[in-house]
Amino acid sequence: MNAADVTLFDHARKQLRSLCDVAGFEATDQNPVLLLEDLLGPAGRLPLRERPRYPSDVADDGTPVEFSVAFDDDGALAVRLLGEAGGENPGHSPDIAAGKRFLQAAGKRFRFPVERFAAVADLFLPEQPRGRFAVWFSVILRPRERPRLKAYFNPGVQGRHRAPALVAEGLRRLGLGDAYEIARRHALTRGPRDQLSFFAVDLDDSPLSRVKLYISHENAGPADAERAAAAVEGADPLRIREFCEVVGGGTTRFTGRPLVSSYSFVEAEPAGPGTYSLYLPVRDYVPDDEVARERVATFLAAHGIGPDRLDGALAAVARRPLRAGVGLLAHVSLRLGPFGAGTTVYLSSEAYGVCPPRERADTVLGTGAVDSAMTP
Ligand code: TRP
């Protein structure tokens, strides 16, 4: 095939297949690729040279899909896809229709129960959605297990001022009446700098299916994350400090893209959130991906995980040397709580563009200032 004709689906499929190989999936397991195809929908069939018709906020270059690899402390590995089902036309209303089509197709194929989606859809999917997205999905894949699905909604979809009421009502409908107050007390304490950013629902019917609430903290430091984590029993504040120090490279105030907290609540466990996660947008705090990789490898090594599978995952997705860009490693997250801890690395597909590296403090790369515009 002529390189110019490679489609978004072809590009992302190869990356996903290689990631699944690294994570120990059977070579015959077609589920990951089927789900990717359903999720991308018609957008997946467009050649890359056409650029994203309607750039998605899932990734910086407008690619509507992002990969992640979760390293559990016990050695297990999961591969995930975060994606936006794109509509035929620009705008979030067509995106909502496309999201519903995906849910219907995948729901039928994999028997995902959609009741929890339906329970909050009228709140989060209004006629005239506002903000940076309306609905995203994530697919969670583990070797020899059934895929799982999660839907992400935008608390600001009816305007920022309505976010608290929407989230509180969404939680109430899902049997978690006290959850909003807990999140408010621990993570929404800094006025407009703390924002409700995502409301995510597990689409399965187990009593352990979760609702996840995400809060972004503009201009925050590690102490703000530690305070948010204190809502979860057994979330070790020292580990948060170490994570910010190592992955943030000594950053004390995250003034670029914000730190994000998330709590996951389970209906069977209404007393409080079972898990706290902290997301660090590493791409804003490194000159290039080689530095980002080094920091993640150091953090994993401190918790007994060698670099092989991290490097395998990076090689599966990267189409360039790590030092030649920044943003392949988009976020790194730390998960804490009584159900175990883990580290997740979010990897950009870079289907449409690579953000050029910034100058390293210790060396001079090239000449002149490097601007941060995407190059195809
Ligand atoms: N690209 C968006 C951002 O960086 C949304 C996003 C994608 C995101 N993956 C994420 C946000 C992981 C937090 C964590 O904000």
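Across the range 235-245, coupling constants 3J(HN,Hα) worked out from phi with the 6.51/-1.76/1.60 Karplus curve, θ = phi - 60°, read 7, 7, x, 5, 5, 5, 4, 5, 4, 5, 5 Hz, and Gly and Pro carry x. The relative contact order of the range 235-344 comes to 31 percent, based on Cα pairs under 8 Å that sit 6 or more residues apart. Take every pair of alpha-carbon atoms less than 8 Å apart whose residues are at least six positions apart; their mean separation over the length of the chain yields a relative contact order of 16 percent.
Taken one residue at a time, the phi angles of the range 246-263 give Karplus couplings (6.51, -1.76, 1.60, θ = phi - 60°) of 6, 6, x, x, x, 4, 9, 9, 8, 8, x, 4, x, 4, 10, 9, 9, 10 Hz. Gly and Pro are set to x. The H on the amide N of Arg210, modeled in the peptide plane, is under 5 Å from the matching H of Asp202, each at least 5 residues off or on a different chain.
Relative contact order, percent, of the range 1-154 when contacts are C-alpha pairs under 8 Å separated by at least 6 residues?
Details: 231 pairs, mean separation 33.7, N = 154.
The normalised contact order for the range 1-154 reaches 22 percent.
Residues with beta-carbon under 13 Å from that of Pro237, excluding Pro237: net charge, scoring Lys, Arg +1 and Asp, Glu -1?
Numbers: positive: Arg227, Arg239, Arg241; negative: Asp224, Glu226, Glu233, Asp236, Glu242, Glu245.
For residues surrounding Pro237, the net value is -3.
Surface composition of the chain: carbon and sulfur atoms hold 52% of the protein heavy-atom accessible area at a 1.4 Å probe. Pick from Leu208, Leu48, Leu310: which is most flexible by mean-square fluctuation in a GNM of the chain where alpha carbon atoms under 10 Å apart are linked? So, out of Leu208, Leu48, Leu310, the one fluctuating most is Leu208.
What value, in deg cm²/dmol to 500, does the helix sum -39500 (n - 2.57) over DSSP H runs of n ≥ 4 give at 222 nm once divided by the residues of the chain?
On the way: 10 runs with 117 residues, N = 376.
So the helix-based figure for the chain works out to -9500 deg cm²/dmol.
What does the extension gain come out to for Asp122 and Asp29, with contour length at 0.36 nm per residue minus their alpha carbon separation? The partial results should precede the final answer.
On the way: separation 93, 0.36 × 93 = 33.48 nm, distance 3.55 nm.
Between Asp122 and Asp29, full extension yields an extra 29.9 nm.
How would the chain be classified by its alpha-carbon gyration tensor: rounded, prolate or oblate, with rounded meaning a/c under 1.5 and the a/b versus b/c comparison settling the rest? Rounded is the answer for the chain, as its axis ratio a/c remains below 1.5.
Give me the accessible area per residue for the chain, probe 1.4 Å, as a whole number in Å². Kindly include the intermediate steps, with their values, before the conclusion.
Working: 15850 Å² over 376 residues.
Heavy-atom SASA per residue in the chain reads 42 Å².
The values are calculated or read from the model by the stated rules, or taken from the named source; none is laboratory data. What you see is a predicted model, and the numbers here were worked out from it, not measured in a lab. With ideal geometry, Cβ positions are generated from the backbone for all residues, glycine too; neighbour counts draw on all protein chains shown. These accessible areas exclude ligands, DNA and RNA; they are computed on the full protein's heavy atoms, side chains included. Shrake-Rupley method; radii C 1.70, N 1.55, O 1.52, S 1.80 Å.
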